[in-house]
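Engineer: Below is a structure I'd like to ask you about.
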Amino acid sequence: MDPLRRILSVAIALIITVLPAASAEAADPEITAESPYMQVAIEEALEGIANGDGGPFGSAIVKDGVIVGQGHNRVLKDNDPTCHGEVAAIRDACAKLGTYDLTGCVIYTTGEPCPMCLFACKWANLETVYYGCTIDDNAIIGFRDEEFDALAGGRDQLADYLICVDRDACLQLFQRYSEMAHELY
């Protein structure tokens, strides 16, 4: 076998061996959501916090049972206070679908959206927001969403729009984040 073919075959063998292990680490079997869509949101959040991109907020946008967009908080990585998980997922879905109108889509997100993200979801015409951890849970790990909620008039009128799912799995994610060294913003 010539040296170039040998190098290529070794490289391919390494890729085949290493990639599944990296994927298994990213999936983190310790945190498991009941909803497969929330699981994707959790995996997005895990990727983000592992990279130091921002807080433990990941999102997945679904249309007709298919994930059309996903993203995680990138506030620290991008130096952009608006790049929350929901906004990143909305941007991704809009780019992939070639539209600014996400009518017919729903979003799964690891934390109840802050007011900015909540209004972005409404502007994007997302039909329902499925969230894991609550605004109160967000506060426990140092986020100040309730401060901005007071300015926006609260959430009482959005009970049919905001639906809590997979809170236990998302609380595990928040616990993992709390145990990590991280920058609070």
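The values are calculated or read from the model by the stated rules, or taken from the named source; none is laboratory data. All of these numbers come straight from a predicted model, not from anything done at the bench. Glycine gets a Cβ as well: all are built from the backbone with ideal geometry, and neighbour counts include every protein chain shown. Each accessible area value is taken on the protein alone, full model and side chains, heavy atoms only, with ligands, DNA and RNA left out. Shrake-Rupley method; radii C 1.70, N 1.55, O 1.52, S 1.80 Å.
Engineer: Can you give the net charge of the other residues whose Cβ lies under 11 Å from the Cβ of ASP53, counting K and R as +1 and D and E as -1?
Structural biologist: On the way: positive: ARG74, LYS77; negative: GLU44, GLU47, ASP78, ASP80, GLU183.
Net of charged neighbours comes to -3.
Engineer: Rolling a 1.4 angstrom probe over the protein chains, ignoring ligands and nucleic acids, what is the accessible area of PHE119 in square angstrom, nearest 10?
Structural biologist: My reading of the accessible area for PHE119 is about 110 Å².
Engineer: Mind checking the dipole of region 97-152: about its Cα centre, +1 per Lys or Arg Cβ, -1 per Asp or Glu Cβ, Debye to the nearest 20? Intermediate results must be reported in sequence, preceding the final value.
Structural biologist: On the way: 2 positive and 9 negative charges, 42 e Å.
The dipole of region 97-152 has a size of about 200 debye.
Engineer: Length gain on complete extension for the stretch MET116 to THR103, per 0.36 nm per residue less the alpha carbon to alpha carbon distance? Before the final figure, lay out each step's value.
Structural biologist: Working: separation 13, 0.36 × 13 = 4.68 nm, distance 1.89 nm.
2.8 nm is the gain from fully extending MET116 to THR103.
Engineer: Run the quick spin-label model on ARG91 and ILE140: label points 7 Å from Cα toward the beta carbon, then report their separation in nm to one decimal.
Structural biologist: 3.0 nm
Engineer: Using the per-residue mean of other Cβ atoms lying within 10 Å as a proxy for protection, in what order, highest first, do the peptides 120-131, 153-164, 41-52 fall?
Structural biologist: Values: 120-131: 19.2, 153-164: 11.0, 41-52: 22.0.
The packing order, highest mean first, is 41-52, 120-131, 153-164.
Engineer: While we're here: Below 28 Å, Cα to Cα, which lysines can LYS77 reach? Residues fewer than 8 away in the same chain don't count.
Structural biologist: Qualifying lysines at Cα under 28 Å: LYS96, LYS122.
Engineer: Return the sequence-ordered ³J(HN,Hα) values of region 164-174 in whole Hz as given by the Karplus equation 6.51 cos²θ - 1.76 cosθ + 1.60 applied to θ = phi - 60°, using x for Gly and Pro.
Structural biologist: 7, 9, 6, 4, 4, 5, 6, 5, 5, 4, 4
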